[in-house]
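Q: Dropping the structure in here first, questions after.
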Amino acid sequence: KRAETRAKLSIETWSDIAKFIESRPSEDHELDHIVPLNHPDVCGLHNTWNFQWLTKEENTKKSNKLVH
């Protein structure tokens, strides 16, 4: 059964997004889109609510998957 996911819309400035990106906890972390930008079932957005910091290892494991 396919889960339905709806992206929440928000209006953010590029400076808000830049501030989030500049907040990287360490060189070991990478920016991950929680809801992937390119996925067969969903389309995430480039907004801070859809970002998370993962270690490089965690981000490699997650790849382009939608983790519930």
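The values are calculated or read from the model by the stated rules, or taken from the named source; none is laboratory data. None of the values given here were measured: they were computed from a predicted structure. Neighbour counts run over all protein chains shown; Cβ positions are idealised from the backbone, glycine included. Remember, those area values only see protein heavy atoms, side chains included, never the ligands or the DNA or RNA. Shrake-Rupley method; radii C 1.70, N 1.55, O 1.52, S 1.80 Å.
Q: Tell me which trypsin sites (Lys or Arg not before Pro) from region 22-68 have a DSSP coil assignment and no more than 15 other beta carbons within 10 Å of their own. Let's see the in-between values first.
A: Values: sites: 56, 61, 62, 65; in loops: 65.
Those satisfying the criteria are 65.
Q: Which FRET efficiency, nearest 0.05, do residue 56 and residue 17 yield, Cβ-Cβ r, R0 22 Å?
A: Between residue 56 and residue 17 the formula returns 0.60.
Q: Turning to a different aspect of this structure: For 42, 67, give the ranking by accessible area with the largest first, probe 1.4 Å.
A: Numbers: 42 15, 67 95 Å².
Largest accessible area first, the residues go 67, 42.
Q: Per 10 Å bin, what percent of the C-alpha pairs of region 14-68 does each bin hold, from zero upward?
A: Calculated over all Cα pairs of region 14-68, the distribution is 25, 52, 23, 0 percent.
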